[in-house]
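The values are calculated or read from the model by the stated rules, or taken from the named source; none is laboratory data. Note that the structure is a prediction, hence the values are computed from the model and not measured. Cβ atoms come from the backbone with ideal geometry, glycine included; neighbour counts cover every protein chain shown.
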Amino acid sequence: MARHTGSVCKLCRREGLKIFLKGERCYTDKCAFERRAYAPGQHGQGRGKVSEYALQLREKQKVKRLYGLMEVQFANTFSKAERIKGVTGINLLALLEKRLDNVVYRLGMASSRREARILVTHGHFLVNGKKVDIPSFTVNVDDVITLREKSRALPMLAESVKAADKRGVPEWLALDTVGLKGTIKRQPEREDITMPITEQLIVELYSK
């Protein structure tokens, strides 16, 4: 499945949840979801009762779009979560949270996960002093993510900091605003994920 290239605001409306795909704009009155909080399309306001399968599928689509993954990437991440000891749904969310692009976003060094993915791909970040340009790279406890010295003058960084003040940095991460670096303090836990996600629906979907 190809990456979505259309209006990302429609994705928020389709999932019935603001998933902050446009960074700072999502916090203003220009946000399309705030103005039209119903699904796009001719029948967006008249959708009736949905089936159990539809609920499961929508939950998977919502999480996939929230973290910016394609179908195969998401399925591979779920398979990895199944192989880890513990609760599969919680393992899945922890793996998604530990993606480098998500960590950059959660630290406030990008205003959206999409922007974070672009910054990582262009090699603007170091992990433990080494350049990493793979957005799906999995970070571990005590890893240090640093913005490269040459990248500190990026105009988008100032915008990112504004959005970060509104989002806050989760407790499993630590941010040094002076050195522009973040540290992984511990593994992310279920309580650290504040978005309304019902991961059990995704497990049920993949269990069919």
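Strands (runs of 3 or more DSSP E) wholly in segment 62-178 with at least 2 residues that are over 19 Å from Leu201 (Cβ atoms), without any contact (Cβ under 8 Å) to a residue 40 or more places away in the chain and touching a Cys at 6+ places or on another chain (Cβ under 8 Å) - which ones?
On the way: elements: 125-127, 144-147, 173-176.
Hits in segment 62-178: none.
Exactly one of (1) surrounded by 22 or more Cβ atoms within 10 Å (Cβ to Cβ); (2) out of contact with any helix residue (DSSP H, G or I) (no Cβ under 9 Å at 6 or more places or on another chain) is unmet by Leu92. Its number?
(2)
In segment 190-199, which residue that is in contact (Cβ under 8 Å) with a residue 60 or more places away in the chain and of a type in the set (Asp, Glu) is nearest to Leu173 (Cα to Cα)? Give the steps one after another, and end with the answer.
Taking segment 190-199 first, the residues in contact (Cβ under 8 Å) with a residue 60 or more places away in the chain are 190, 192-193, 195-199.
This time we only want the ones that are of a type in the set (Asp, Glu), so: 192, 199.
Numbers: Asp192: 10, Glu199: 22 Å.
Among them, the one singled out is Asp192.
Quick check on segment 102-124. Is at least one of its residues among the acidic types (Asp, Glu), within 18 Å of the chain's Cα centre (by Cα) and not assigned by TED's automatic domain parsing to the domain that holds Glu59? Quick ask: steps written out before the conclusion?
To start, the set of residues in segment 102-124 that are among the acidic types (Asp, Glu) comprises 115.
Among the residues that remain, those that are also within 18 Å of the chain's Cα centre (by Cα) are: 115.
In the following step, the residues that additionally are not assigned by TED's automatic domain parsing to the domain that holds Glu59 were identified as 115.
For segment 102-124, residues among the acidic types (Asp, Glu), within 18 Å of the chain's Cα centre (by Cα) and not assigned by TED's automatic domain parsing to the domain that holds Glu59: present.
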